[in-house]
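First the structure, then my questions, so here it is.
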Amino acid sequence: MVHNLQAINKGYKNEIIFQRQMIRNLQRWQSFLSMIVGVGIVLTYLFRQHHLWLFVAGITCATVGLLLILAVGYAIYHGKKNLDKVIDQYAKINQVVSK
């Protein structure tokens, strides 16, 4: 019984660590994508009158980057909610075991 509780405890700790790392990775991707949006805005501004294809590329980069930022933000939001659920469940198990 004690061995099973230790395995469950270790499993929850590993899952919490893993999910926190994945959320940090998503936040890094969101930062990278915001840089892509910035590059798109700069391209749009600098080449709005001179080079049509660079102007269109800038608009495309900014639009695609913004949509991806929103998608990654949505994933971060739900990932944090899931992490909170795992932490709450882990706390409940520890309360039951300690009684």
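Could you check how much of the accessible area of the chain is carbon and sulfur, as a whole percent, using a 1.4 Å probe? Could the numbers behind the result be given before it?
Values: 5090 of 7550 Å².
Summing carbon and sulfur atoms, their accessible area is 68 percent of the total for the chain.
5 Å is the cut-off here: which amide hydrogens, built 1.01 Å from N in the peptide plane, fall below it relative to His51, excluding neighbours closer than 5 in sequence?
none
While we're looking at this one, here's another question. Tabulate in residue order the Karplus-calculated ³J(HN,Hα) for region 53-61, using 6.51 cos²θ - 1.76 cosθ + 1.60 with θ = phi - 60°, rounded to whole Hz; enter x for Gly and Pro.
So the J values, rounded to whole Hz, are 5, 6, 4, 5, 4, x, 5, 5, 4.
Next question. Quick one: what are the phi-derived ³J(HN,Hα) couplings along region 4-12, Karplus 6.51/-1.76/1.60 with θ = phi - 60°, whole Hz, x for glycine and proline?
Values per residue, Gly and Pro as x: 5, 5, 5, 5, 5, 4, 5, x, 5 Hz.
While we're here: Along the Cα-to-Cβ line of Asn4, 7 Å from the Cα, sits a label point; which residues in region 83-99 have backbone N less than 19 Å from it?
Only 90-99 pass the distance filter.
What 222 nm value per residue comes from the helices of the chain, counting each DSSP H run with n ≥ 4 as -39,500 (n - 2.57) and dividing by all residues, nearest 500 deg cm²/dmol?
Values: 2 runs with 92 residues, N = 99.
After summing the helix terms and dividing by residue count, I get -34500 deg cm²/dmol.
Let me ask something else about it. Once you place label points 7 Å from the Cα toward the Cβ at Lys85 and Ser98, how far apart are they in nm?
2.5
What's the extension gain from Lys13 to Ile41 if we count 0.36 nm per residue and subtract their Cα-Cα distance? Working shown, then result.
Values: separation 28, 0.36 × 28 = 10.08 nm, distance 4.24 nm.
Extending this stretch completely gives an extra 5.8 nm.
Which value, in Å², gives the accessible area per residue of the chain when a 1.4 Å probe is used on the protein heavy atoms?
76
Now, a different point. Limiting things to C-alpha atoms, what are the Rg and the maximum Cα-Cα separation (Dmax) for the chain, in angstroms?
Computed over the Cα atoms of the chain, radius of gyration and Dmax are 21.8, 74 Å.
The values are calculated or read from the model by the stated rules, or taken from the named source; none is laboratory data. Predicted model, so just to flag it, every value in this text is computed and none were measured. No Cβ is skipped: glycine too gets one built from the backbone with ideal geometry, and neighbour counts run over all protein chains shown. In case anyone asks, the SASA skips ligands and DNA or RNA and just uses the protein heavy atoms, side chains included. Shrake-Rupley method; radii C 1.70, N 1.55, O 1.52, S 1.80 Å.
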